[in-house]
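What follows is a single structure, written as structure tokens, with notes after it.
The values are calculated or read from the model by the stated rules, or taken from the named source; none is laboratory data. Model, not experiment: these values are computed from the prediction. Reconstructed Cβ throughout: ideal geometry from the backbone, glycine too, with neighbour counts over all protein chains shown. Heavy atoms of the whole protein, side chains included, go into the accessibility calculation; ligands, DNA and RNA do not. Shrake-Rupley method; radii C 1.70, N 1.55, O 1.52, S 1.80 Å.
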Amino acid sequence: MKTCISLALVMTSSLLGAAPAAAQETAKSYPSRPIRMIVPNAPGSSVDTLSRIMGTGLSQVIGQQIVIDNRAGAAGVIGMEIAKNSNPDGYTMIAATTAASTIARILQKNPTFDPVKDYDYVVQFAETPNLLVVNPSLPIKSVMDLVAYAKSGKTPFNMASAGAGSQSHLSGAYFQQAAGIQSLHVPYKGGGASVASVISNESQWTLTPAAAVMSHVNAGRLRAVGQSLPKPTPLLPGIPPIGDTIKGFDYSGWQGFFVPKGTPKAITDKLRAATIKTTELPEVRKALIIQGTEIVIRGPAEFRKVVQDSMAQNEKVVKLVGLTAN
């Protein structure tokens, strides 16, 4: 009996001793298969565009395919819930953004996720200004023109958004409140559809992440009259801050990567290093610049602070514009 117990103890000790080595080996060999990137937005949205740019570059850096998994719906809640409940093995990443991570959660009467506590943070890689764009057939060439046009009572004058609770909805509602104007809100199923509606003049304007509209602005299909950063930026030459006309207006977004809570730190560290290296690739930097996106690198602690501050700001904006939780 003593021999059996001793043998069992030796085997248990051996297994326990082997566990850290196995974990290290897993981190060393990671990734050994494709990685899923959950994008809680529809194809064609600004988040989708930036995620695909980063995903393509990250595939090159890390040596495995990054598979984009669009999980749109409920202003991002569906994607965030799926990500929260995914296996924390390093093979699921989340494209974390202002709208899906903070606004969507604020608009839930009974929140199903907490962006600060329910995920492990990899890295923030971008800040995303919002761009105020109009259909080019309208006689609107500045923020002041847009305000005057709205106050003239001419119709139709619809504001498109990517859906109730989206970044474009909240930023547009905040802009209307700050400018003292009213415009019929028309929510669409995703950023791509909302932008298409302004191009077709079904809606007349939107205030949406620059990455969703820059290609259309450059092609002349939309006219940009202002951007949401508090000062001019070389990323958006010739497009003045909205704050130059509406004092104090400052409402932009951010994007980065989360992973499910409990993902091994060694794997999270590897993903962070690979993401930073991705932003240094010339083709990725160029693609992000074309989308009017500023590369901003913040590690987990700083990134978490950004999300906490974003939650506080958006709670104030939600109350200011009179949105209610569902």
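Numbers below:
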quantity: Dipole-positive endmost among VAL198, VAL116, PRO129 within the chain (Cβ charges, Cα centre); calculated: VAL116
quantity: Relative packing of peptides 219-229, 93-103 - highest average C-beta neighbours within 10 Å first; calculated: 93-103, 219-229
quantity: Residues whose placed amide H lies under 5 Å from that of GLY226, excluding near-sequence neighbours; calculated: LEU132
quantity: Largest to smallest accessible area among ILE82, ILE297, ILE289 [probe 1.4 Å]; calculated: ILE289, ILE297, ILE82
quantity: Rough spin-label spacing in nm, given labels placed 7 Å along Cα→Cβ, for ASP269 and ARG285; calculated: 2.7 nm
quantity: Equivalent ellipsoid, segment 188-323 (semi-axes from 5 times Cα gyration tensor eigenvalues, Å); calculated: 29, 20, 16
quantity: Per-residue [θ]222 nm for the chain (sum of -39500 (n - 2.57) over DSSP H runs n ≥ 4, rounded to 500); calculated: -13500 deg cm²/dmol
quantity: Amide H partners (placed H, <5 Å) of MET37, local residues excluded; calculated: VAL67, ILE68, ASP69, MET93
quantity: Tilt relative to the chain, helix 2-29 - C-alpha long axis, 0 to 90 degrees, to 10; calculated: 30 degrees
quantity: Pairs of Cα atoms farther than 26 Å apart, segment 29-187, %; calculated: 38 percent
quantity: Relative contact order computed over segment 193-239 (Cα-Cα under 8 Å; 6+ residues apart), in percent; calculated: 25 percent
quantity: Mean projected area in nm² (Cα convex hull; one quarter of hull surface) for segment 272-326; calculated: 5.6 nm²
